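The values are calculated or read from the model by the stated rules, or taken from the named source; none is laboratory data. Note that the structure is predicted; figures quoted are calculated from it, not measured. When we count neighbours, we look across all protein chains shown, and the Cβ atoms used for this are built from the backbone with ideal geometry, even at glycine. Areas reflect the complete protein model, heavy atoms only, side chains present, ligands, DNA and RNA absent. Shrake-Rupley method; radii C 1.70, N 1.55, O 1.52, S 1.80 Å.
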Amino acid sequence: MSALRLGVNIDHVATIRNARGGLHPDPVRAAHMAAAAGADGITAHLREDRRHIADHDIARLSNEIALPLNFEMAATEEMLAIALRHRPHAACIVPERREERTTEGGLDVVGAKDRLRPLVHRLRDAGIRVSMFIEADPRQLDASLEIGAPVVELHTGAYCDHTGDERDRELARIVEAAAHAAAIGLECHAGHGLSYDTVKPIAAIPTIAELNIGHFLVGEAIFVGFEASIRHMRQLMDEARHRP
Ligand code: PXP
């Protein structure tokens, strides 16, 4: 079974910093700690309203962090220009609405193919690995492939939010979508809302190559420290992956 990478999303370190408008806690310091704790990459979402990560964070993450940076971005000209300036390892295209608290649901690639295709191509031409953050729906995977994205990230929010049979149904959709991704030649990632309680069934899906996790790790850091929260998550992922 292939290795499972952990991308640590540091957005909410910046959320806490911004609550007081100063410099502490520093998301770049958190990225260094994530690297020390075994993260394989750093993820940051520069939102249109800059409510957590700011432009200068992206600049510093690009310059100071050795791990691959996964830049989460809305499909806008402003974000495209920033991505092309910094050339992160990867760019994950996410839907964005100002009034939402977090990224609710996946990108509608099927309905926006013509708008998204040129953006994907410009990022690819700059050597950036593009992923589409989508629902676990085969039509969205097919559309992502069609417009030239090499990677999809499956939204695990509904799976995490539900319990019982509904959660099982959401998991089954993710399992099927991850198999479909492999069948059509897309690299498959997953993320959103994952915690110690929900990560294992997702980590056990053999065709998923990367999980991106943020809010829970930052919240848990209050109790056990950031490195410890990441190390424990990593351990749960590895246990699920290498289960006999
Ligand atoms: N993946 C994507 C594409 C996201 O937008 C987010 C949230 O910013 C995450 C993963 C991480 O979600 P969470 O912070 O809930 O772990």
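Restricting attention to the stretch 59-68, does a residue exist that is hydroxyl-bearing (Ser, Thr, Tyr) and either over 23 Å from residue 101 (Cβ atoms) or assigned to a loop (DSSP other than H, G, I, E, B) (or both)? Looking through the stretch 59-68, at least one residue is hydroxyl-bearing (Ser, Thr, Tyr) and either over 23 Å from residue 101 (Cβ atoms) or assigned to a loop (DSSP other than H, G, I, E, B) (or both). Considering the conditions (1) within 14 Å of the ligand (Cβ to nearest atom); (2) out of contact with any Phe, Trp or Tyr (no Cβ under 7 Å at 6 or more places or on another chain); (3) of a type in the set (A, V, I, L, M), residue 44 is excluded by exactly one of them, (2).
Yes or no: residue 85 within 16 Å of the ligand (Cβ to nearest atom) and open to solvent by 70 Å² or more (accessible area, probe 1.4 Å)?
Numbers: within 16 Å of the ligand (Cβ to nearest atom): no; open to solvent by 70 Å² or more (accessible area, probe 1.4 Å): yes.
No: the conditions fail for residue 85.
Evaluated against (1) away from the ligand (no atom under 13 Å from the Cβ); (2) buried (at least 17 other Cβ atoms within 10 Å of the Cβ), residue 225 falls short on exactly one condition, (2). Listed conditions (1) near the ligand (Cβ under 10 Å from one of its atoms); (2) open to solvent by 10 Å² or more (accessible area, probe 1.4 Å); (3) of a type outside the set (Val, Ile, Thr); (4) without any contact (Cβ under 8 Å) to a residue 40 or more places away in the chain are all met by residue 190, apart from (2). In the stretch 7-27, the count of residues that are within 16 Å of the ligand (Cβ to nearest atom), in a loop (DSSP other than H, G, I, E, B) and closer than 20 Å to residue 192 by Cα is one or more. The single condition from (1) over 22 Å from residue 122 (Cα atoms); (2) part of a loop (DSSP other than H, G, I, E, B) that residue 35 fails is (2).
Just one residue in the set 66, 35 is closer than 19 Å to residue 215 by Cα and either surrounded by fewer than 22 Cβ atoms within 10 Å (Cβ to Cβ) or more than 13 Å from the ligand (Cβ to nearest atom) (or both); that residue is 35. When residues of the stretch 69-82 are filtered for being small (Gly, Ala, Ser), open to solvent by less than 40 Å² (accessible area, probe 1.4 Å) and away from the ligand (no atom under 11 Å from the Cβ), how many remain? Matching residues across the stretch 69-82 total 1. Quick check on the stretch 162-179: of everything there that is open to solvent by 50 Å² or more (accessible area, probe 1.4 Å) and under 25 Å from residue 41 (Cα atoms), which residue is farthest from the ligand (Cβ to nearest atom)? Looking at the filtered set, the residue picked out is 179.
Looking at the stretch 7-21, is at least one residue farther than 20 Å from residue 87 by Cβ, of a type in the set (D, E, K, R) and surrounded by 17 or more Cβ atoms within 10 Å (Cβ to Cβ)?
First, pick out the residues of the stretch 7-21 that are farther than 20 Å from residue 87 by Cβ: 8, 11-21.
Remaining after also requiring of a type in the set (D, E, K, R): 11, 17, 20.
Subsequent filtering for residues that are surrounded by 17 or more Cβ atoms within 10 Å (Cβ to Cβ) retains 11, 17.
Yes, the stretch 7-21 contains at least one residue that is farther than 20 Å from residue 87 by Cβ, of a type in the set (D, E, K, R) and surrounded by 17 or more Cβ atoms within 10 Å (Cβ to Cβ).
Quick check on the stretch 205-228. Is at least one of its residues modelled with pLDDT under 95 and among the charged types (D, E, K, R)? No, that holds for no residue. Taken over the stretch 103-133, the residue count meeting the criterion of being within 13 Å of the ligand (Cβ to nearest atom) and open to solvent by 60 Å² or more (accessible area, probe 1.4 Å) is 1.
Of the residues 236, 217, which single one is open to solvent by less than 40 Å² (accessible area, probe 1.4 Å) and closer than 16 Å to residue 70 by Cβ?
Details: 236 fails: closer than 16 Å to residue 70 by Cβ.
Sole residue among the options that is open to solvent by less than 40 Å² (accessible area, probe 1.4 Å) and closer than 16 Å to residue 70 by Cβ: 217.
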